[in-house]
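Heads up, the thing below is written out as structure tokens.
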Amino acid sequence: AQSVTQPDIHITVSEGASLELRCNYSYGATPYLFWYVQSPGQGLQLLLKYFSGDTLVQGIKGFEAEFKRSQSSFNLRKPSVHWSDAAEYFCAVAFNQAGTALIFGKGTTLSVSS
Amino acid sequence: GAVVSQHPSWVICKSGTSVKIECRSLDFQATTMFWYRQFPKQSLMLMATSNEGSKATYEQGVEKDKFLINHASLTLSTLTVTSAHPEDSSFYICSAHREGEQFFGPGTRLTVL
């Protein structure tokens, strides 16, 4: 069955430290891949997406993600975390077309310590 | 551009009443909109796909008679929770599709007493 897995429920990172959030998917072909951020009481904001081409994708707020076909992964990274990055992060995939409904991972809560 | 609004942002209702939630694409037309439900500290679960001018497509396990979806125009989709019960309390989020991407509304918090 098609699925999205975010193995880490909660991660705490010191401000200024690097961050990597993991995302794995289960599908026979390459899906369309997204990372969203949700701050408390706010809607989802798209950080970045991958449809095809260069497997290293740059997004907003200094985030990047790398698609690795061999590992069925699309991990999100940021070299230096800021306190304002504390939020809920969701990996999502569309398996058929880019505009079809998304399947979300369970999310990773990021806390930033000073 | 690509702004999606939802109204209301939060609503409290009595058990047995119906609640309508609106999802509007403010600066673009959306043939397809989606409705998701998010429980506290959990992920978003797709409820249904709303297509302008046709019937919505519901995900398995979602009661179509309870969650009525209407997509009467290219900028508006509505979700009506009929005969709401406390277990329907949740965060409902819509999204609108444009050019291969979904743009999300800010969500509606429904509390059923």
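No lab work stands behind these numbers, since they all come straight from the coordinates. Treat the numbers as computed from the prediction; the structure is a model and nothing was measured. As a convention, Cβ positions derive from the backbone with ideal geometry for all residues, glycine included, and neighbour counts pool all protein chains shown.
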Original post:
Counting Lys and Arg as +1 and Asp and Glu as -1, each charge on the Cβ, what is the dipole of chain A about the Cα centre in debye, to the nearest 20?
Top reply: 220 debye
**OP:** Give, in nm to one decimal, the length gained when the segment between B:Gln42 and B:Lys55 is fully stretched (0.36 nm per residue of separation minus the Cα-Cα distance).
**Re:** 1.9 nm
**OP:** Convert 37 °C to kelvin, take the viscosity as 0.692 mPa s, use the Kirkwood radius over C-alpha pairs of chain B as Rh, and evaluate the Stokes-Einstein diffusion coefficient in µm²/s, rounded to a whole number.
**Re:** 237 µm²/s
Subject >> Overall Cα dimensions of the protein assembly as shown, principal axis frame, Å, largest first >> reply: 49, 37, 35
Original post:
Okay, which of the range B:32-60 sit inside 19 Å, backbone N to the point 7 Å along the Cα-Cβ direction of B:Arg109?
Top reply: B:36-45
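Normalise the Cα radius of gyration of the range A:49-112 by 2.2 N^0.38 Å (N = residues in it) and let me know the number. Could the numbers behind the result be given before it?
On the way: Rg = 12.8 Å, N = 64, 2.2 N^0.38 = 10.7 Å.
Working it through for the range A:49-112, the quotient is 1.19.
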**OP:** Spit out the partnerless Cys residues in the protein assembly as shown, using Cβ distances under 4.7 Å as the pairing rule.
**Re:** B:Cys13
Original post:
Using the Kirkwood radius built from alpha carbon pairs, what does the Stokes-Einstein equation give as D for the range A:10-61 at 20 °C and 1.002 mPa s, in µm² per second?
Top reply: 159 µm²/s
Original post:
Could you state the principal axis extents of the C-alpha atoms in the range B:67-113, from the largest down, to the nearest angstrom?
Top reply: 39, 20, 12
Original post:
Tell me which lysines have Cα within less than 27 Å of A:Lys49's Cα, excluding those fewer than 8 residues away on the same chain?
Top reply: A:Lys61, A:Lys68, A:Lys78, A:Lys106, B:Lys41
Subject >> Per-bin percent of Cα-Cα distances, the range B:7-73 [5 Å] >> reply: 3, 14, 22, 26, 22, 11, 3, 0
Subject >> Sequence-separation-based contact order of the range A:38-94, relative, with Cα cut under 8 Å and 6+ spacing, percent >> reply: 28 percent
Original post:
If each of A:Lys68 and A:Asp54 carries a label point 7 Å out from its Cα toward its Cβ, how far apart are those two points in nm?
Top reply: 2.0 nm
**OP:** Quote the FRET efficiency, to the nearest 0.05, computed for B:Asn70 versus B:Val3 with a Förster distance R0 of 22 Å and r equal to the Cβ-Cβ distance.
**Re:** 0.55
**OP:** Determine the principal axes of the Cα atoms in chain A, then give the extent along each, sorted from largest to smallest and rounded to whole angstroms.
**Re:** 42, 28, 22
